[in-house]
Amino acid sequence: MAEVILNQVGKTYPNGYQAIPAIDLHIADGEFIVLVGPSGCGKSTLLRMVAGLESISSGELLINNQRMNEKEPAERDIAMVFQNYALYPHMTVFDNMAYGLRNRGASKDEIQRKVSDSARLLGLTDLLERKPKQLSGGQRQRVAMGRAMVRHPQAFLFDEPLSNLDAKLRVQMRVEIRQLQRQLGTTTLYVTHDQVEAMTLADRLVVLNKGHAEQIGSPLELYERPATTFVAEFIGSPSMNLLPVSITDQGLQLTEQVSLQADTKERGAVIWGIRPEHLQPCSESEADFALQVKAVEALGAESLIYGHTAGRSELLVVRAPGPFTPAIDQMLYLRAPQQQWHLFDINTQQRI
Amino acid sequence: MKALFFDRSQPATGGWQRGAQTGKALAVHAVLLTYTVIALFPILLVLINSLKSRKAIFRDPLGLPSLDTLNLGGFEQVLLRSDFGLYACNSLVVTILAVGLVLLLGAMAAWALTEYRFRGNLLLAFLFAMGIMIPIRLGTVSILNLMVQLHLVNTLTALVLVYIAQGLPLAVYILSEFIRTIPKELKEAARCDGISEYKIFFAVILPLLRPAMATVAVFTMIPIWNDLWFPLILAPGEESRTITLGVQQFVGQYVTDWNAVLSSLTLAIVPVLVLYLIFSRQLIRGLTAGAVK
């Protein structure tokens, strides 16, 4: 268990491609940090750099206040769980879990005790004599976690560990991972491209885009106050509605005919953002603007309504509670409360 | 039983499809059977004629041995009045040592060439590829010179060394291709577990290479066992003769003892058949199943 500190850590490949310019991240002891971003944003590279499987080109990595840049993966005392589990196929579950310990010269009794402890925690006790190919996907995933746990490492590193599971199992394993991590109190760095996974697991989230951290914060901070349009779009499903608009003395000009009253000193072109659940269906008299319904997705607990507002081509999304199904091409009247607005600079994409 | 049940539950419209499939299977089997017969015929001929008297061999080469023509004189000649045991032992020692070392060195070289980046990596890989393209026999004269200078003529060591050189290029090539298919996460997981590079190779990679190594073993073993060229040139001495060379003593310039030749050939098939059976069991197994999804 340890602090993990990244000081201006960067990665440049020998061919000159800069995958990660420089990232600062301070992970407290026992904290669960999720790196999230679209594919190719450098999140896996960053994780592999922490693990020691990828060299660090610049900056400094500290685990437990010790510089780790030049250390081999084994010396860093971390444990990694891979997307494809990477279990040793010719070894039983027990041997898979025991291999690292045995290799570090642990005594037979100690190995037996630690493996059976972890196996009990993960519900693998009855499977210890099986080979990986005799296990289901979820069980293999557990064995991979068991292999990481038995060593009581300084930190867990997860590289998209749930991507190979079906949706139902993924939800279940997500909860299990979170519980386990709380129970063990091990510092954890977790990589995923799934923002729901990220939101539900993380103490703090790091949203990565093209190798730099767009925003670091708790899931709700990121949800409520996204620092950039990238974070605003990435966090939350369906994504936040983002529209380029201009603010004049008459208010926020949604279209040439429609303006929304705006109590802001901001003037000129901005990006206006509002989450689908903050657009509230209402009567015509109360409405800020109207939406022509183009598609409805009724999910039971909520309905997603897609449509255009007159004079604009962007598709807006409204999330209404309950089974609410307006007819296609019907006008839907909406209120957009100002306290739920997000305004971003049109050039820098930064929050205003 | 289950298959039968399934067949009956198929809708009737699937009938023509099944018919076409059966036809295709029959055609494939016919081709394969024909090939098998052609391939096995000479061996069968050797087998049946080794059991016949000399006269019967020439009178009716294709006939099966009858009570009149049955004659085990050839086996008697080979087993009792020649050093067949020594020759077989020599062949076996050379083959097993050479195949074993080709597998070990080949796997190590393949691992190093695919896993590690170092100066000269490409050049080395290229040299191994050249070894596949250029037959080693072109170098016979230099090899003989070398062996004379090393005082290795008429030793089994000479043969083992040459056969390692002969088998290594293909082994490296096949095993490299196979090693590339092993997910890199396995090695990375092992590295995180703190396992040394040597141990990663011997305890994680090598067990996964078994099917590929069996393939290589079969490909390497047969030419070594059957080789006449290098035993004749490098180790023709009485003590170091291999089976193929040993058989030659029954082939004379004027008279050939066909019974003895055919009997020793029959006996020579047995050890290589046993080795093949051992390796081919491994061929069938798919070992990587379950490593990753």
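Laboratory data are not the source of any read-out in this text; all were calculated from the coordinates shown. Fair warning: this is a prediction, and the values are worked out from it, not measured in the lab. Positions of Cβ are generated from backbone atoms using ideal geometry, with glycine treated the same way; all protein chains shown enter the neighbour counts.
What share of all Cα pairs of the stretch B:18-71, in percent, falls into each consecutive 10 Å distance bin?
Values per bin, smallest distances first: 24, 30, 19, 16, 10, 1.
Please state, to two decimals, what the Cα-based radius of gyration of chain A comes to when divided by 2.2 N^0.38 Å (N = residues).
Compactness ratio reported: 1.19.
How far is helix A:93-103 tilted, in degrees, relative to the longest principal axis of the Cα atoms in chain A, given as a value from 0 to 90 rounded to the nearest 10?
Helix A:93-103 sits roughly 70 degrees off the main axis of chain A.
Looking at the protein assembly as shown, send over the antiparallel percent of its DSSP beta bridges, to the nearest 5.
75
If you project the alpha carbons of chain B onto the principal axes, what extent comes out on each, in Å, largest first?
Largest first, chain B extends 73, 68, 30 Å along its Cα principal axes.
For the charge dipole of chain B, defined by +1 on Lys and Arg C-beta atoms and -1 on Asp and Glu C-beta atoms about the Cα centroid, which residue among B:Leu47, B:Thr215, B:Ile179 has the Cα displaced farthest towards the positive pole?
Going by the charge dipole, the pick is B:Ile179.
Which log10 I(q)/I(0) values, to two decimals, does the stretch A:243-345 give at q = 0.12, 0.19 Å⁻¹ under the Debye formula with one point per Cα?
Once normalised to I(0) and log-transformed, intensities are -0.38, -0.93.
Once the Cβ-Cβ distance between A:Lys71 and A:Lys210 is put in as r, and R0 is 41 Å, what FRET efficiency do you end up with, to the nearest 0.05? Walk me through the numbers before you get to the answer.
Working: r = 28 Å, r/R0 = 0.68.
Result of the calculation: an efficiency of 0.90.
What's the exposure ranking of A:Tyr306, B:Tyr35, B:Tyr254, going from fewest to most Cβ atoms within 10 Å?
Result, fewest neighbours first: B:Tyr254, B:Tyr35, A:Tyr306.
Under a plain spin-label model, where a point goes 7 Å from the Cα along Cα-to-Cβ, how far apart in nm are A:Glu297 and B:Leu67?
It is 8.9 nm.
Can you put B:Trp229, A:Trp272 in order, fewest other beta carbons within 10 Å first?
Least to most surrounded, the residues fall as B:Trp229, A:Trp272.
Which of the DSSP-defined H helices in chain B satisfy a minimum axial length of 30 Å, computed from C-alpha atoms, and a minimum mean Kyte-Doolittle hydropathy of 1.6?
Qualifying helices: B:84-115, B:258-284.
Would you compute, from DSSP H runs of 4+ residues alone, the mean residue ellipticity of the protein assembly as shown at 222 nm, taking -39500 (n - 2.57) per run and dividing by the full residue count, rounded to the nearest 500? Can you show the working numbers first?
On the way: 21 runs with 288 residues, N = 645.
Roughly -14500 deg cm²/dmol at 222 nm, from the helical runs in the protein assembly as shown.
Could you tell me the calculated FRET efficiency between B:Leu150 and B:Ile269, based on Cβ-Cβ distance and R0 = 30 angstrom, to the nearest 0.05?
Using R0 = 30 Å, I get an efficiency of 0.35.
After finding the eigenvalues of the alpha carbon gyration tensor for the stretch A:124-247, what semi-axes result from the square roots of 5 times each, listed largest first in whole Å?
Semi-axis lengths for the stretch A:124-247 are 34, 16, 11 Å.
Considering the zone a paramagnetic label at A:Ser39 would reach in this model (a point 7 Å from Cα along the Cα-to-Cβ line), which residues of the stretch A:132-176 have amide N under 19 Å from it?
A:159-167
Find which of B:Leu86, B:Ser280, B:Met130 sits farthest along the positive direction of the dipole of chain B, computed with +1 on the beta-carbon of Lys and Arg, -1 on that of Asp and Glu, about the Cα centre.
Ranked along the dipole, the leading option is B:Ser280.
About the Cα centre of chain B, what is the dipole size in debye to 20, counting +1 per Lys and Arg Cβ and -1 per Asp and Glu Cβ, all else neutral?
The calculated dipole for chain B is roughly 920 debye.
Show log10 I(q)/I(0) for the stretch A:3-157 at q = 0.09, 0.20, 0.21 Å⁻¹, two decimals, from a solvent-free Debye sum over equal Cα scatterers.
Result of the Debye calculation: -0.34, -1.21, -1.27.
Compute the acute angle (0 to 90°) between the alpha-carbon long axis of helix A:167-184 and the principal axis of greatest extent of the alpha-carbon atoms of chain A; round to the nearest 10°.
In chain A, helix A:167-184 runs at an angle near 60 degrees to the longest axis.
So if each residue of separation counts as 0.36 nm, and I subtract the Cα-Cα distance between A:Asn64 and A:Ser237, what length gain in nm does that give?
Using 0.36 nm per residue and subtracting the Cα-Cα distance, I get 58.6 nm.
Any idea what angle helix A:137-149 forms with the longest principal axis of chain A, computed on alpha-carbon atoms, 0 to 90 degrees, nearest 10?
60
For A:His26 and A:Gln250, compute 0.36 nm times the residue count separating them, minus their Cα-Cα distance, and round to one decimal in nm.
Here the segment from A:His26 to A:Gln250 would lengthen by 76.1 nm.
When the convex hull of the Cα atoms of the protein assembly as shown is projected onto a plane and the area is averaged over all directions, what value comes out in nm²? Present the calculation step by step, with values, prior to reporting the outcome.
Details: hull surface 182.1 nm².
The Cα convex hull of the protein assembly as shown, projected and averaged over all directions, gives 45.5 nm².
Which of A:Met91, A:Met149 has the fewest other C-beta atoms within 10 Å, and how do the rest follow up to the most? Intermediate values should be presented prior to the final figure.
Values: A:Met91 17, A:Met149 24.
In increasing order of surrounding Cβ atoms, one gets A:Met91, A:Met149.
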